[in-house]
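To start, the structure itself, in structure tokens.
We did not get these values from a lab; they are worked out from the coordinates using the rules stated. What you are looking at is a predicted structure, and each value in this text was computed from that prediction instead of being measured. Don't worry about glycine lacking a Cβ; one is built from the backbone with ideal geometry, like all the others, and counts go over all protein chains shown.
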């Protein structure tokens, strides 16, 4: 009887430990997930501060192109890369399906009327709305189109707010215009901000990468050509 009692006591204690561990894991998981709620941050239905549907399309009067937009917090963002042709721009891919990439010199003035190139602070506000820069990359990236650095590793995002960041070929276009649209496509997306460092003459850019869930900041110079997402005035 003593041996049986000890046995059942051990089972009881072991069961309690398992329940405690599973509860702790559940609480940690839910607390991490509960910090962001897409139905609150970027609801698909309803109207935004401009009295427009939270998600929809608009026409760029310059060339008649139609762009998707999405509302995240109080901001209204283009939900795809800018694609208007300018002197200092190139297709980000062979068919311009991912928009165009632009030189620093034209980036600040190329957005459609009523829209502008976002500042670094405006990007930061977006990241904070998405739960913080440490996870914003994962939540803003498209659900398909990204390639893992190694098989089985992280690549695609969850696209919780229909922002749909897609990777573009990574390269710089110098005065020789030696642009290779097939170079390293699938692993990163680089986008301009409006913030220029007067001392170094570099501009802050935003980087999304396949292998991370973060959205990070990095400086680019006048010879780099990056994508553009405009934000509503």
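Give the order of 202, 113 when sorted by the count of other beta carbons within 10 angstrom, beginning with the fewest.
Neighbour counts put them in this order, fewest first: 113, 202.
Quick one: Cα centre-to-centre distance for the stretch 115-135 and the stretch 37-111, in angstrom?
Between the Cα centres of the stretch 115-135 and the stretch 37-111 lies a distance of 15 Å.
Calculate the spin-label point distance for residue 95 paired with residue 52, positioning each point 7 Å from the Cα along the beta-carbon direction, and give it in nanometres.
2.7
Past the 20 angstrom mark, what percentage of all C-alpha to C-alpha distances in the stretch 38-232 do you count?
Working: 10034 of 18915 pairs.
Cα-Cα pairs of the stretch 38-232 separated by over 20 Å account for 53 percent.
Just grab the label-to-label distance for residue 85 and residue 143, each label 7 Å out from Cα along the Cβ direction, in nm (one decimal).
About 3.4 nm separates the two model spin labels.
Pull out the extension gain between residue 219 and residue 196, defined as 0.36 nm times the separation in residues minus the alpha carbon to alpha carbon distance; nm, one decimal.
Values: separation 23, 0.36 × 23 = 8.28 nm, distance 0.90 nm.
Stretched fully, the residue 219-residue 196 segment lengthens by 7.4 nm.
What is the order of 100, 139, 62, fewest Cβ neighbours within 10 Å to most? Can you show the working numbers first?
On the way: 100 22, 139 25, 62 12.
Least to most surrounded, the residues fall as 62, 100, 139.
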